[in-house]
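Single-structure report; data block below.
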Amino acid sequence: MNDPIMNPQIPSPCYVCEESKLETNLQLMERVQKEAGVNIILALKGFSMWSTFPLVGQYLQGCTASSVWEAKLAKYEMGKEVHAYSPAYKPADIDELVKLVNHISFNSLGQYQRYKDQVAAAGISMGLRINPEHREAETELYDPSAPGSRLGIMAKDLEGVDLSGIEGFHVHNLCECDSFAAERTLKAVEQRFAKYLPKLKWLNLGGGHLMTRQGYDVDHLIATLKAFREKYDLEIILEPGSAVAWQTGPLVAEVVDIVHNEGPIAILDISATAHMPDVLEMPYRPAIRGAGLPQEKAYTYKLGGNSCLAGDVIDLYSFDHELQIGERIIFEDMIHYTMVKTTFFNGVEHPSIGILQKDGSFKLVRKFDYEDFRDKLS
């Protein structure tokens, strides 16, 4: 069998993480850590497939969490460093987080003032999220530095503030960006916050560093990070999500029916809105193995999901042959920022989760059933 993803043991629908590809990404990140002298942690918001944590933990220093539940996942399933950031914490969140995390970053001075004594008493390193007022993300939905952003503190609002309990700054404004965007962001941070940097212990540069994408200038990233770290004698932390699981596996789907309305429409056993929502939110066009642009190949189909949402449509794709009911459709690169966003909308069958192991065998990690759907409700 030439294509291991066509292994009949893999059910449909199913997210399949390819272990060897994940390890290749992690090995590149290990090189960045060693040569730049920085620490890389996994952003669970982008990839939280904890069955892979034994492998991830061999290379990365821990995880960053956006909530108490993510912090628990990091603490109990990986057991390494846990960093936390959220736009706002409730008192009950802090009561839990002080037992789970090593670092915590506050989104506002008000939150810092409210919780600083409790967090300091727990011996946790505290930071503030800053807004560098520098835009790099191409999509407004994913741009923390957009005008009117609720994320991060601007430099003008730090003037005259007592920051004696703050050990670090957290800045995140990238989204699937290159090393030159990271360099420009560091220059913006330096321009607006330079006077604070010599007093800090660490600088967290967030995620969006897509260092595992083909063509990314890893050498430039290493040189940029190393120079900044040495200039200010700071611990530099990166927390990528997409880059960890970039191109590490597909979503396997299947044609359930073919209907006709201004052309053929293939109905699949997955849902864009429930199982790959960024297709509609971002939006973007996922790659399909063996498929082309509309009319590029002999047979063009609209591909739709199996929910009742009228707009549950992926896009138009062309194929070399007529699609058949029961035929598999392989959506590429569906492991990061996909599994973490899924829902049980409409009760459409949730894709299973599996690992294509390095020896070529398939391991089914999780199959969802009616009880999973029921128990999410009340």
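The values are calculated or read from the model by the stated rules, or taken from the named source; none is laboratory data. Not measured: the values here are computed from a predicted model. Glycine also receives a Cβ, built like all others from the backbone with ideal geometry; neighbour counts cover every protein chain displayed.
Considering each of Lys358, Lys297, Lys376 in turn, give the residue that is surrounded by fewer than 19 Cβ atoms within 10 Å (Cβ to Cβ), closer than 25 Å to Leu55 by Cα and among the basic types (Lys, Arg). Exactly one of Lys358, Lys297, Lys376 is surrounded by fewer than 19 Cβ atoms within 10 Å (Cβ to Cβ), closer than 25 Å to Leu55 by Cα and among the basic types (Lys, Arg), namely Lys358.
A search for C-beta distances below 6 Å between a residue of segment 363-378 that is without any contact (Cβ under 8 Å) to a residue 12 or more places away in the chain and not assigned by TED's automatic domain parsing to the domain that holds Pro11 and any residue that is surrounded by 10 or more Cβ atoms within 10 Å (Cβ to Cβ) and not in a loop (DSSP other than H, G, I, E, B), counting only pairs 6+ apart in sequence or on different chains, returns nothing. Checking each residue in segment 72-88 for being within 16 Å of Gly206 (Cα to Cα) and buried (at least 21 other Cβ atoms within 10 Å of the Cβ) picks out Val82, His83, Ala84, Tyr85. Scanning segment 95-119 for residues that are in a helix (DSSP H, G or I), free of Cβ contacts under 8 Å to residues at least 40 places away in the same chain and within 21 Å of Ile130 (Cβ to Cβ) turns up Leu97, Gly110, Gln111, Gln113, Arg114, Tyr115, Val119. Restricting segment 187-209 to residues that are farther than 19 Å from Gln33 by Cβ and charged (D, E, K, R) leaves a set whose member that is surrounded by the fewest Cβ atoms within 10 Å (Cβ to Cβ) is Lys195.
Only one of Asn346, Asn306 is at pLDDT 95 or above, of a type in the set (S, T, N, Q) and within 23 Å of Met6 (Cα to Cα). Can you tell me which?
The conditions single out Asn306.
Each row is one residue, and each column tells you yes or no for (1) within 24 Å of Ala146 (Cβ to Cβ); (2) small (Gly, Ala, Ser).
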{"position": "Ser67", "(1), (2)": "yes, yes"}
{"position": "Lys72", "(1), (2)": "no, no"}
{"position": "Tyr76", "(1), (2)": "no, no"}
{"position": "Glu81", "(1), (2)": "no, no"}
{"position": "Asp93", "(1), (2)": "no, no"}
{"position": "Val101", "(1), (2)": "no, no"}
{"position": "Val119", "(1), (2)": "no, no"}
{"position": "Arg129", "(1), (2)": "yes, no"}
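Hey, among Ser307, Ser352, Ser271, which residue is closer than 24 Å to Asn25 by Cα, over 18 Å from the mean Cα position of the chain (by Cα) and of a type in the set (Ser, Thr, Tyr)?
Residue meeting the stated conditions: Ser352.
Residue pairs whose Cβ atoms lie under 6 Å apart, sitting 6 or more positions apart in sequence or on different chains, and linking a residue in segment 33-61 that is over 17 Å from Tyr76 (Cβ atoms) and among the charged types (D, E, K, R) to a partner that is surrounded by fewer than 19 Cβ atoms within 10 Å (Cβ to Cβ) and at pLDDT 95 or above, are Lys45/Ser66.
Residue by residue, here is whether (1) out of contact with any Gly (no Cβ under 8 Å at 6 or more places or on another chain); (2) surrounded by fewer than 20 Cβ atoms within 10 Å (Cβ to Cβ); (3) not in a loop (DSSP other than H, G, I, E, B) holds:
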{"site": "Pro144", "(1), (2), (3)": "no, no, no"}
{"site": "Pro147", "(1), (2), (3)": "yes, yes, no"}
{"site": "Arg184", "(1), (2), (3)": "yes, yes, yes"}
{"site": "Met211", "(1), (2), (3)": "yes, no, no"}
{"site": "Ala223", "(1), (2), (3)": "yes, yes, yes"}
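Within segment 226-275, the set of residues being within 19 Å of Phe345 (Cα to Cα), in contact with a Leu (Cβ under 6 Å, 6 or more places away or on another chain) and either outside any strand (DSSP E or B) or of a type in the set (Phe, Trp, Tyr) (or both) comprises Ala272, Thr273.
Any residue that is within 14 Å of the chain's Cα centre (by Cα) and under 22 Å from Lys367 (Cα atoms) - is there at least one of those in segment 72-89? No, segment 72-89 contains no residue that is within 14 Å of the chain's Cα centre (by Cα) and under 22 Å from Lys367 (Cα atoms).
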